1. Right, H40: farther than 30 Å from D167 by Cβ and surrounded by 13 or more Cβ atoms within 10 Å (Cβ to Cβ) or not?
2. Against the condition closer than 24 Å to P194 by Cβ, touching a residue at least 24 places away in the same chain (Cβ under 8 Å) and within 16 Å of the ligand (Cβ to nearest atom), how does Q95 come out, does it pass?
3. Consider F180 against the criteria (1) free of Cβ contacts under 8 Å to residues at least 40 places away in the same chain; (2) within 19 Å of L31 (Cβ to Cβ); (3) among the aromatic types (F, W, Y): it satisfies all of them except one. Which criterion is unmet?
4. Specify the residue that is farthest from the chain's Cα centre (by Cα); the eligible residues are those in the range 136-153 that are open to solvent by 30 Å² or more (accessible area, probe 1.4 Å) and near the ligand (Cβ under 7 Å from one of its atoms).
5. When the range 189-217 is examined, which residues are found to be of a type in the set (G, A, S), open to solvent by less than 20 Å² (accessible area, probe 1.4 Å), over 13 Å from Y171 (Cβ atoms) and part of a loop (DSSP other than H, G, I, E, B)?
6. Tell me which residues, restricted to the range 154-188, are more than 13 Å from the chain's Cα centre (by Cα), within 14 Å of F18 (Cβ to Cβ) and open to solvent by less than 50 Å² (accessible area, probe 1.4 Å).
7. Sort out which residues of the range 119-129 are open to solvent by less than 20 Å² (accessible area, probe 1.4 Å) and either over 22 Å from A176 (Cα atoms) or away from the ligand (no atom under 11 Å from the Cβ) (or both), and write them in order of number.
8. Hey, among the residues in the range 228-245 that are in contact with an Asp or Glu (Cβ under 9 Å, 6 or more places away or on another chain) and assigned to a helix (DSSP H, G or I), which one's modelled with the lowest pLDDT?
Amino acid sequence: MLQKMPEQITETVQEFLFLDKRYAILGPIRLPIAVREEEHTFRWYGYAQVPADVELDVKWVVELSERQQTFSSFLVYGDFERHDLPAVRVHSVCQTGDVFGSLRCDCGPQLQRSLQKIVELGAGCLIYLTGQEGRGIGLLAKALTYKLQEGGADTFEANRLLGCPDDARDYEEAAAMLYFLREQRPVTLLTNNPRKLEELRRYGIATAVRGDHTVPASPHNRHYLRAKIASGHVVDEEKLERSISPQPNL
Ligand SMILES: Nc1nc2c(ncn2[C@@H]2O[C@H](COP(=O)(O)OP(=O)(O)OP(=O)(O)O)[C@@H](O)[C@H]2O)c(=O)[nH]1
């Protein structure tokens, strides 16, 4: 192990307090990303909660990382900190949709579209929450809900049949990271889920407003999207219907 840490590493680890919780924030790290096949440079930050009694240094970060392999992180684009109303996507991990490109949900296209919107606007942030697979019930329970959905249950009924809540997610960490970047200055939250907005506001991001985040649907996720609408998601119906029942090319 390195005896003396080079400055570029020690400067990368910052400490941040939010609602009595202590966070280690690592970054920024330059990350070139292809968005619509064009290269754009984002600033990447990782973070973790830190117990009050540990000394926050590089050694501790490395030990934590060896113990715990999965962390949430976020991407920042443009002059996010100073822009009047930048775009923010708070995205819950969806291995099937985000990584495999599954059409059973709208997660993958929503993730891609959020990066596109951020680049188009010129300033924004994507917070990728890895602890929220399956709306917080975890990957394996989500897999079980898929089997139940094949038997006719909708996405929420399937959760309940397993004794799980409809939605077990919490947004305190996301609020903490937004506060770290911009304190309470307004942002447009790209979401169709009004609860997500309310939760961020409850945690101190009081000035956040909602920006529609409807993406083209497929026949595979029609039922899923209808269940989300019935549960309170606000979707641009025209955009959705147009994509579900494509008009023949004239
Ligand atoms: N339990 C369960 N979770 C699912 C299912 N399909 C996708 N998910 C998870 O749902 C989460 C995304 O939540 P959504 O309900 O699609 O949307 P949202 O985040 O509340 O709202 P938006 O901001 O508009 O995307 C991800 O963690 C996915 O893994 C499913 O059928 N069952």
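1. Numbers: farther than 30 Å from D167 by Cβ: yes; surrounded by 13 or more Cβ atoms within 10 Å (Cβ to Cβ): yes.
It is true that H40 is farther than 30 Å from D167 by Cβ and surrounded by 13 or more Cβ atoms within 10 Å (Cβ to Cβ).
2. no
3. Evaluating F180 over (1) free of Cβ contacts under 8 Å to residues at least 40 places away in the same chain; (2) within 19 Å of L31 (Cβ to Cβ); (3) among the aromatic types (F, W, Y) leaves (1) as the failure.
4. This residue is Q149.
5. Listed by number, the list holds a single entry, A217.
6. Kept after step one, since they are more than 13 Å from the chain's Cα centre (by Cα), are these residues of the range 154-188: 154-168, 176, 179-188.
Checking which are within 14 Å of F18 (Cβ to Cβ) leaves us with 176, 179-184.
Within the range 154-188, A176, F180, L181, R182 meet the criteria.
7. Within the range 119-129, the first condition is being open to solvent by less than 20 Å² (accessible area, probe 1.4 Å), and the residues that meet it are 123-127, 129.
A123, G124, C125, L126, I127 - these are the residues of the range 119-129 that are open to solvent by less than 20 Å² (accessible area, probe 1.4 Å) and either over 22 Å from A176 (Cα atoms) or away from the ligand (no atom under 11 Å from the Cβ) (or both).
8. Within the range 228-245, the subset in contact with an Asp or Glu (Cβ under 9 Å, 6 or more places away or on another chain) is 228-231, 234-236, 239.
Cutting the leftovers down to assigned to a helix (DSSP H, G or I) gives us 228-230, 239.
Details: K228: 90, I229: 92, A230: 90, K239: 78.
Applying the filter and picking the extreme gives K239.
The values are calculated or read from the model by the stated rules, or taken from the named source; none is laboratory data. Note that this is a predicted model, so its numbers are computed, not measured. Quick reminder, even Gly has a Cβ in these numbers, built from the backbone with ideal geometry, and neighbours come from all protein chains shown. Calculation scope for accessible area: heavy atoms of the full protein, side chains included, ligands and nucleic acids excluded. Shrake-Rupley method; radii C 1.70, N 1.55, O 1.52, S 1.80 Å.
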